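S.K.: Sending over a structure as structure tokens; questions will come in a sec.
The values are calculated or read from the model by the stated rules, or taken from the named source; none is laboratory data. Predicted model, so just to flag it, every value in this text is computed and none were measured. As a convention, Cβ positions derive from the backbone with ideal geometry for all residues, glycine included, and neighbour counts pool all protein chains shown. These accessible areas exclude ligands, DNA and RNA; they are computed on the full protein's heavy atoms, side chains included. Shrake-Rupley method; radii C 1.70, N 1.55, O 1.52, S 1.80 Å.
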Amino acid sequence: MLQKLIAGNWKMNGSLAANQALLTGILAGLAERAPACQVAVAVPAPYLAQVQQLVAGSAIALGAQDVSQHAQGAFTGEVSAGMLGDFGVRYVLVGHSERRQYHGETDAVVAAKAQAALAAGMTPIVCVGETLQEREAGATDAVVQRQLAVVIAAVGADVARLVVAYEPVWAIGTGKTASPEQAQAVHAALRTQLRAANAQCASVPLLYGGSMNAANAQQLLAQPDIDGGLIGGAALKPADFLQIIAAAA
Ligand code: 13P
């Protein structure tokens, strides 16, 4: 069976001192009990060099939270995939709902970002998810499948190199988690969509994100189509993040 992937998304949190304390705690836990899953942390861009050094030689892979769709040039404030590559970045979140919501990222922009990450040899973690209003309107599957379809169409055969994260917007940072059954149902639909695009996509990891924590991780990760988690708040506390990693064993 594929190893699960537990990825922390630090969002816009941290400082040199806080990052060091957090990673020291996580690494100490992993030294005591080696993870039986893949582990990654997606950190704010200014801290890539710091975290690259801290996780060197450990089981933790480095991730970024966003990437420009452009390779270089006059795009003030943007960070290219090539720049991320200079710091050993392996995973890049694209299309997080906070980017879609607060920075106007469209499905097409998200797809272009996934392409940029792939071209630089990184693994995009493509985030999809419905709002509460969309769920209540019965549009969940239609929304997440539309979001994913644009990426599938853009990346062609590279679709097998993606990771997909289902993050219902209403569950992010709210303490309201999708039930294991709700999450499993959406994951199964996404799996079917990926398989229809390319037979090799049956093995694309599907992560769940949205208030996953030490208490609910085990049940969510036990679902047949949940291959890991994308963790926000609980990834900022070493003990909680370690418990989620242990639940993925
Ligand atoms: P929370 O775990 O804080 O709900 O955040 C989830 C998320 O957005 C991860 O990308």
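S.K.: Once the piece of chain linking GLN3 and ALA137 is laid out straight, how much longer is it, given 0.36 nm per residue of separation minus the C-alpha distance between them?
M.R.: Here the answer is 44.7 nm.
S.K.: Computed FRET efficiency, Cβ-Cβ of ALA157 and ALA239, R0 35 Å: what is it to the nearest 0.05?
M.R.: Between ALA157 and ALA239 the formula returns 0.25.
S.K.: Right, next: Report, in cubic angstrom per residue, the convex hull volume of the C-alpha atoms of region 70-160.
M.R.: Considering the Cα atoms of region 70-160, their hull volume per residue is 99 Å³.
S.K.: Rg(Cα) of the chain divided by 2.2 N^0.38 Å?
M.R.: This ratio for the chain stands at 0.94.
S.K.: Ok, one more. Could you tell me which of SER179, GLY209, VAL150 has its Cα farthest along the dipole of region 123-242 towards the positive end, charges placed at Cβ (Lys, Arg +1; Asp, Glu -1), taken about the Cα centre?
M.R.: VAL150
S.K.: Next question. Extension gain ALA71-ARG33, at 0.36 nm per residue separation less the Cα-Cα distance, in nm? Please list the in-between numbers first.
M.R.: Numbers: separation 38, 0.36 × 38 = 13.68 nm, distance 4.00 nm.
Additional length available on full extension: 9.7 nm.
S.K.: How large is the charge dipole for region 156-249, taken about the Cα centre, if only the Cβ atoms of Lys, Arg (+1) and Asp, Glu (-1) carry charge, to the nearest 20 debye? Walk me through the numbers before you get to the answer.
M.R.: Values: 5 positive and 6 negative charges, 8 e Å.
Once rounded to the nearest 20, the dipole reads 40 debye.
S.K.: What three numbers, in Å, describe the spread of the alpha carbons of region 22-112 along their principal axes, ordered from the longest?
M.R.: Computed over region 22-112, the largest-to-smallest principal extents equal 44, 24, 18 Å.
S.K.: Turning to a different aspect of this structure: Quick one: net charge around SER97, please, counting Lys, Arg +1 and Asp, Glu -1 for every other residue with C-beta under 12 Å from its C-beta.
M.R.: Surrounding charge for SER97 is -2.
S.K.: Mark the label point 7 Å from the Cα of GLN101 along Cα→Cβ and return the residues of region 36-79 whose backbone N is within less than 20 Å of it.
M.R.: The answer is 42-44, 65-67.
S.K.: What does the charge add up to near ALA247, with Lys and Arg as +1, Asp and Glu as -1, over the other residues with Cβ less than 11 Å from its Cβ? Before the final figure, lay out the partial values.
M.R.: Values: positive: LYS4; negative: ASP240.
Residues close to ALA247 contribute a combined charge of 0.
S.K.: Could I ask something else about it? Rounded to the nearest 0.05, what FRET efficiency do MET12 and ALA59 have when you use their Cβ-Cβ distance and R0 = 35 Å?
M.R.: With a Förster radius of 35 Å, E is 0.85.
S.K.: Same structure, new question: Heavy atoms only, probe 1.4 Å: what % of the accessible area of region 135-249 goes to carbon and sulfur, would you let me know?
M.R.: On region 135-249, the fraction of accessible area on carbon and sulfur atoms equals 53 percent.
S.K.: Return one whole number: the accessible area per residue of the chain in Å², for a 1.4 Å probe.
M.R.: Using a 1.4 Å probe on heavy atoms only, each residue of the chain averages 43 Å².
S.K.: May I pose another question? Round to a whole angstrom and tell me the spacing of the C-alpha centers of region 88-125 and region 25-77.
M.R.: 15 Å
S.K.: Over the chain, calculate the relative contact order: mean separation of alpha carbon pairs under 8 Å at least 6 apart, over the residue count, as a percent.
M.R.: Relative contact order for the chain comes out at 22 percent.
S.K.: Can you give the calculated 222 nm mean residue ellipticity of the chain, where each DSSP H run of n ≥ 4 adds -39,500 (n - 2.57) and the sum is split over every residue, rounded to the nearest 500 deg cm²/dmol?
M.R.: It lands at -12500 deg cm²/dmol.
S.K.: Can you give the Rg to Rh ratio for region 107-192, taking only C-alpha atoms and Rh from Kirkwood?
M.R.: When Rh is taken as the Kirkwood radius, the ratio is 0.99.
S.K.: Would you mind calculating the gained length between ARG90 and GLN219 on full extension (0.36 nm times residue separation, minus the Cα-Cα distance), in nm to one decimal?
M.R.: Here the answer is 43.7 nm.
S.K.: Evaluate the distance, in nm, between pseudo-label points positioned 7 Å from the Cα of GLN20 and of GLU78 along their respective Cα→Cβ axes.
M.R.: 3.5 nm
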